[in-house]
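The structure appears below as structure tokens.
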Amino acid sequence: HQFRIEDDPNHPNRKARSGQTVYLTGQACLDFLRFVGRLMGDDNFVSENGTIRVSDNPARSNEFQESRPRPKALYHPSLGLGSELLPRNPITLENTNRLRAAVSEITSSPHLKQRRQLLISLLEYTGARIGEINNIRVSDILEALRMKHPMLTLLTLKKGKPVYRKIPVTRLLLTEAVKYIDIYRAPIVRK
């Protein structure tokens, strides 16, 4: 966790490592630990049911990407596989932080403030379009939270017809969503 959130000492507004760097470093560590386990005679040390539990492939499920080759890589939920792994950066971390600060400054309603912060988080970590985020249901959040490896169902808007895909998300993001649902959204729905 510290490896992911550490700030860059030369640029305090940036993280020391990108999400992709964290992911690739984690992959290298898992490969090394699997090698060490096999070297010591424990082929199950890093495996699906081993001491360190992983799956052999990233947990991505996408109907229209099934024909694309998937990289053979170990997956562990702590590595994350969200939009932070994409090499493109349509919006910088600095601008994301400015958006969050602006929400805190210009929004007076606690409900709206939390909703907008959650929207920024969902956009940032899923890489989805705003229309796709608008179609997320409470049941989608709760379903993902119950999963061993959380996967959020998103409606894809660029296919011309309704196509759903599941993308991996962190429990931290889902917890933020549930906090908003339970504390801020529920009283308004009851009214």
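Each reported figure results from applying straightforward, stated rules to the coordinates on display, with no laboratory input. Here the structure is a predicted model, which is why all the values come from computation and not from measurement. Glycine gets a Cβ as well: all are built from the backbone with ideal geometry, and neighbour counts include every protein chain shown.
Details
- D_trans [Stokes-Einstein, Kirkwood Rh over alpha-carbon pairs] for segment 106-191, 4 °C, 1.567 mPa s, µm² s⁻¹: 96 µm²/s
- Inter-probe distance in nm under a simple model that places probes 7 Å from Cα toward Cβ, at I106 and D8: 2.6 nm
- If R0 equals 45 Å, the separation of the Cβ atoms of F32 and Y164 corresponds to a calculated FRET efficiency of about 0.80.
- Straightening the chain between D42 and K148 buys 35.7 nm, computed as 0.36 nm per residue apart minus the Cα-Cα spacing.
- Across segment 25-41, computed HN-Hα scalar couplings (Karplus, 6.51 cos²θ - 1.76 cosθ + 1.60, θ = phi - 60°) run 5, x, 4, 4, 5, 5, 4, 5, 5, 5, 4, 4, x, 5, 4, 8, x Hz from first to last residue, x flagging Gly and Pro.
- Once the Cα-Cα distance is subtracted from the 0.36 nm per residue extended length, the K113 to I181 segment shows a gain of 23.2 nm.
- When the convex hull of its Cα atoms is projected in every direction, mean area for segment 130-173 (nm²): 3.1 nm²
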